[in-house]
Every structure is written in C-alpha cells, then in structure tokens.
Amino acid sequence: MKEEVAILETVKSKQRYYYLMFINCFNYSLKLQYLQRRIDMLPKPLTEDICSLRADVERLAFSVIWEMTPEAHVISTRYTKSVIKSCAALSYVEAQARMDDSRLMDPVTIDLRNMNALAKIMRQRRIDRGAITLASVEVKFQVDTETHDPLDIGKF
C-alpha cells in the first residue's frame with residue numbers, strides 16, 4: 001500500500017490514479033452485490049461515469065473488431081484504440097423485451113437479435129467442443145418497500 005501511495009503522490013494525472021486503483025481492486029472484486037444494493041470497489045467517478053457506457057456519450061476504448069459470417073465464423077480480427085458511442089443504455093430485462101417483441105424492427109432491436117443469434121451459435125460450438133457449463137442461477141429478491149424485508153425469491 002505504501003508503494004502505491006508513493007506512486008500516486010508522484011503522478012498527477014487522475015487517469016493514472018484511476019488506473020492504479022483499478023489494478024488494485026481487480027485483484028479482489030469490482031463490486032459487492034447485496035440484496036437490492038451494491039457497493040462498488042472503485043471510485044464513483046469510474047463506476048458511475050468514466051467507465052459506464054451511456055447512450056449518446058463518446059468513450060475511449062480498446063476494441064476487438066471481428067468480421068464474422070452469419071454462422072459465427074471469424075473472418076478477420078482487429079485490435080485497435082477507438083472511440084465508441086452507445087446508441088442505447090438498456091437493462092438485461094429491457095434488451096430481452098425488445099428481442100421478444102416481434103413488432104419492433106428498429107436498428108437497435110435488430111442488432112440485439114443478430115448479436116444474440118451469433119452468441120447462441122458460438123455458445124453451442126463451445127459446448128460441442130467440450131466446454132464446461134456451470135449452473136449458477138442468479139436470484140432476485142422481492143423486497144418490502146417499507147421494512148426492506150424479503151417477500152419472495154425467484155430466478156433473475
């Protein structure tokens with residue numbers, strides 16, 4: 001810890017500071033997930049802004065760009081520094097609802113369906129080649145809004 005503090009005192013760039021914090025926290029955990037709450041292990045500017053993908057906000061990134069066939073075979077791979085701009089910020093539930101609604105034909109929904117189809121093909125290919133599948137069901141609690149007591153439990 002003293003070595004890290006010494007480095008932080010000599011480096012004035014906040015980006016470098018956040019990078020060092022990320023490396024240190026990565027060895028442990030990035031967040032702790034509790035019932036209806038989470039505790040981030042990184043500073044709020046990182047978890048809530050700088051490293052968070054937000055709709056219509058440009059972010060610097062390191063990207064892996066794959067050109068793929070419709071059968072999910074990789075034709076080419078490119079690693080590059082990039083600027084990305086998310087066109088939507090969706091929860092898992094919202095993304096699934098879009099994919100399930102056959103009336104929606106907007107570009108975001110079509111892209112979600114295409115990516116999901118590729119993911120299913122790639123997942124099946126990994127399983128066919130002997131990949132281990134771990135059954136770890138995530139649970140979701142329904143909590144009383146006044147007492148915060150758990151009322152029900154279900155799959156996420």
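Values in this text are rule-based calculations from the coordinates and carry no lab data. All figures in this text were calculated on a predicted structure; none of them were measured in a lab. Positions of Cβ are backbone-derived with ideal geometry, glycine not excepted, and every protein chain shown enters the neighbour counts.
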Between residue 78 and residue 132, what length in nm is gained on full extension when 0.36 nm per residue of separation is reduced by their alpha carbon distance? 16.7 nm
Report the FRET efficiency, 1/(1 + (r/R0)^6), for residue 48 and residue 106, where r is their Cβ-Cβ distance and R0 is 35 Å, rounded to 0.05. 0.80
Just to confirm the filter: which GluC sites (Glu not before Pro) across the range 75-156 are DSSP coil and have at most 13 other Cβ within 10 angstrom of their Cβ? 138, 146
So if each residue of separation counts as 0.36 nm, and I subtract the Cα-Cα distance between residue 57 and residue 144, what length gain in nm does that give? 27.8 nm
